[in-house]
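Peer 1: Below is a structure I'd like to ask you about.
The values are calculated or read from the model by the stated rules, or taken from the named source; none is laboratory data. Not measured: the values here are computed from a predicted model. Cβ sites come from the backbone with ideal geometry, for glycine too, and all protein chains shown count toward neighbours. The area values use the complete protein model at the heavy-atom level, side chains included, leaving out ligands, DNA and RNA. Shrake-Rupley method; radii C 1.70, N 1.55, O 1.52, S 1.80 Å.
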Amino acid sequence: MRNFGPGVTIDNPAFIHETALIYGKVYIAEGASLWPYVVIRSEMHEVRIGKRTNIQDFVMIHVGNETPTIIGENCSITHHCTIHGAEVGDNCLIGINSTLMDGSKIGRNSIVAGHSIVTEGTLIPRLATEWYVKEDDPTVWVFKLREGVKFHDGADFTAEDVVFSLDRARSEGSNLKQLHAEVAEVRAVDDYTV
């Protein structure tokens, strides 16, 4: 494997193609892969690539003026993407030829459609930061809500608002009832967990 310079840390990757170019403060985690013509450049912040993440052909990764670029574990950054000063959570798929701009944050388990542009400061998903199936009960989903979201009147958006909205959507006479027919119960665990 080539020597990429003093700021580059490579921790037992699965594969780095000989045409990949890496400059500056960059960390590549175990099992990650960089395919042909990937360019990763970091002049003032850092770039971090998580475990088992694959960075496919012709991807450009760069830092923003005020933001590093952090890509989580088990991600696929597909062909011709540009990731510029953005954060990508674990288990994400970033579709072909997408662009993620400075300060954008893609939450874990998200998919960004091919040819998308995610503009500066955009948060995806907007209302929940993560969701998962409960380990001890596969019929229960847990949603963690983004803190600090406000309604137009300044009131906080909380788990009780989610419960109210879903109960209303599931009520008799609602046009949305059939969409939620398999939901047995919606419960607030705390202010930001449903």
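Peer 1: Assuming a ≥ b ≥ c are the square roots of the Cα gyration tensor eigenvalues, decide whether segment 79-159 counts as rounded (a/c under 1.5), prolate (otherwise, with a/b larger than b/c) or oblate. Write down the numbers at each step before the final one.
Peer 2: Numbers: a/c = 2.95, a/b = 1.29, b/c = 2.28.
Oblate shape, in that a/c is at least 1.5 and b/c is the bigger or equal ratio.
Peer 1: Can you list the aspartates and glutamates whose alpha carbon is less than 20 Å from that of K25, not counting same-chain residues fewer than 8 positions off?
Peer 2: Of all the aspartates and glutamates, those that pass the test against K25 - Cα under 20 Å, at least 8 places apart if same chain - are D11, E43, E46, E66, E73, E87, D102.
Peer 1: Tell me the mean residue ellipticity at 222 nm calculated for the chain from its helices only (DSSP H runs of n ≥ 4, each -39500 (n - 2.57), averaged over every residue, nearest 500). Don't jump to the answer; show the numbers that get you there.
Peer 2: Values: 1 runs with 12 residues, N = 194.
Estimated from H runs of four or more residues: -2000 deg cm²/dmol.
Peer 1: On a 0 to 90 degree scale, rounded to 10, what angle separates helix 159-170 from the longest Cα axis of the chain?
Peer 2: Here the helix axis deviates by roughly 60 degrees.
Peer 1: Nothing charged except the Cβ atoms of Lys and Arg (+1) and of Asp and Glu (-1): what's the magnitude of the dipole of the chain about its Cα centre? Round to the nearest 20 debye. Intermediate values should be presented prior to the final figure.
Peer 2: Numbers: 17 positive and 27 negative charges, 111 e Å.
Computed about the Cα centre, the dipole is about 540 debye.
Peer 1: Excluding ligands, DNA and RNA, what is the solvent-accessible area per residue of the chain at a probe of 1.4 Å, expressed in Å²?
Peer 2: Values: 11150 Å² over 194 residues.
Result: 57 Å² per residue.
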